[in-house]
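The values are calculated or read from the model by the stated rules, or taken from the named source; none is laboratory data. Computed from a predicted structure; not experimentally measured. Cβ coordinates were reconstructed from backbone atoms using ideal geometry, including for glycine residues, and neighbour counts include every protein chain displayed.
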Amino acid sequence: MSKIDDVVSLVENGKRKLVPAAVQEALDDGADPVELLNGMIGAMDIVGEKFKRNEIFVPEMLIAAKAMKAGVDVLKPLLADEGAEDLGTVVIGTVYGDLHDIGKNLVAMMIESAGFTVIDLGVDVPVENFVNSVTENENVKIVAVSALLTTTMPAMKETVEALNAAPYRKDIKVMVGGAPITQEFADEIGADCFTVDAASAAQAAKALVA
């Protein structure tokens with residue numbers, strides 16, 4: 001088993017405390033930083049598939065995503081030098097009036113694990129913050145809008161309508177998600193993409209920019 005395989009296994013199993021040292025050991029052994037990153041992204045793909053098959057649940061997925069983040073933190077200075085592919089920026093937030101963030105945080109971590117730069121606007125985000133985020137940040141490819149309450153679905157509708165009216169709309173994709181959201185609602189409000197969970201969101205984000 002190679003040093004990269006060791007890292008992949010540790011990420012897949014959520015061994016956050018062991019990952020940084022294993023990544024450093026692989027680097028010291030001559031491993032390519034981009035190859036290491038791709039290995040960890042692959043591990044998160046496996047985690048996502050296990051989640052979809054109900055073999056693991058949200059806590060395990062969260063732990064694996066945190067393990068990956070710990071590994072990426074070691075690689076970051078090297079990846080900048082290597083010119084590792086960045087899939088673009090994803091802006092994510094929970095709509096105004098809604099203070100739920102566990103699902104959003106998990107989606108943000110999974111999307112970051114897939115190779116995107118993530119700008120997290122937090123919770124209770126006003127419409128104009130979503131709209132302005134695209135011009136205020138570089139290379140925004142996707143805006144991901146979350147709502148966890150049926151009472152904040154109108155806020156999501158308003159947010160997506162504002163994004164759809166923005167002059168840059170043709171250059172970005174709009175993703176929506178959250179417990180009360182359905183494909184029908186996403187279609188109705190003019191979103192490009194709806195996913196039911198964080199693992200699907202990461203895969204969908206990659207597909208949207210492909």
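Would the stretch 133-145 turn up any residue that is surrounded by 16 or more Cβ atoms within 10 Å (Cβ to Cβ) and more than 20 Å from the chain's Cα centre (by Cα)?
Checking the stretch 133-145: not a single residue is surrounded by 16 or more Cβ atoms within 10 Å (Cβ to Cβ) and more than 20 Å from the chain's Cα centre (by Cα).
Six or more apart or on different chains, Cβ under 7 Å: which pairs go from a residue in the stretch 48-67 that's within 13 Å of Lys15 (Cα to Cα) to one that's among the β-branched types (Val, Ile, Thr) and modelled with pLDDT of 90 or more? Could you list them?
Hits for this filter: Met61/Val47; Ala64/Val11; Ala64/Val47; Ala67/Val11; Ala67/Val19.
Collect the residues in the stretch 156-166 that are assigned to a helix (DSSP H, G or I), touching a residue at least 12 places away in the same chain (Cβ under 8 Å) and farther than 20 Å from Val196 by Cβ, keeping them in residue-number order.
Glu158, Glu161, Ala162, Leu163, Asn164
Kindly indicate which of Val11, Val72, Val58 is farther than 24 Å from Phe194 by Cβ, at pLDDT below 95 and of a type in the set (Val, Ile, Thr). Write out each step before concluding.
On the way: Val11 fails: at pLDDT below 95; Val58 fails: farther than 24 Å from Phe194 by Cβ.
Criteria check complete, one pass: Val72.
Evaluate the stretch 135-147: report whether one residue or more is touching a strand residue (DSSP E or B) at 6+ places or on another chain (Cβ under 8 Å), part of a strand (DSSP E or B), at pLDDT below 95 and not assigned by TED's automatic domain parsing to the domain that holds Glu12. Spell out the reasoning first.
Restricting attention to the stretch 135-147, the residues satisfying the condition of being touching a strand residue (DSSP E or B) at 6+ places or on another chain (Cβ under 8 Å) are 137-147.
Checking which are part of a strand (DSSP E or B) leaves us with 140-146.
Pick out the ones that are also at pLDDT below 95 and you get none.
For the stretch 135-147, residues touching a strand residue (DSSP E or B) at 6+ places or on another chain (Cβ under 8 Å), part of a strand (DSSP E or B), at pLDDT below 95 and not assigned by TED's automatic domain parsing to the domain that holds Glu12: absent.
Using beta carbons and a limit of 6 Å, which pairs, at least six apart or on different chains, have the first residue in the stretch 181-203 and without any contact (Cβ under 8 Å) to a residue 40 or more places away in the chain and closer than 17 Å to Lys50 by Cβ and the second one of a type outside the set (Asp, Glu) and surrounded by 18 or more Cβ atoms within 10 Å (Cβ to Cβ)?
Close Cβ pairs (under 6 Å, with a partner that is of a type outside the set (Asp, Glu) and surrounded by 18 or more Cβ atoms within 10 Å (Cβ to Cβ)) amount to Thr195/Gly177; Thr195/Ala201; Thr195/Ala204.
Look through Gly30, Gly48 and report the one residue that is over 18 Å from Asp86 (Cα atoms) and part of a loop (DSSP other than H, G, I, E, B). First the steps, then the outcome.
Details: Gly48 fails: part of a loop (DSSP other than H, G, I, E, B).
Exactly one residue qualifies, and that residue is Gly30.
Since Ile63 meets every condition but one in (1) under 21 Å from Gln24 (Cβ atoms); (2) under 14 Å from the mean Cα position of the chain (by Cα); (3) of a type in the set (Val, Ile, Thr); (4) at pLDDT 90 or above, which condition does it not meet?
Single failed check for Ile63: (2).
In the stretch 156-198, how many residues are small (Gly, Ala, Ser) and closer than 12 Å to Phe130 by Cα?
Counting residues in the stretch 156-198 that are small (Gly, Ala, Ser) and closer than 12 Å to Phe130 by Cα gives 2.
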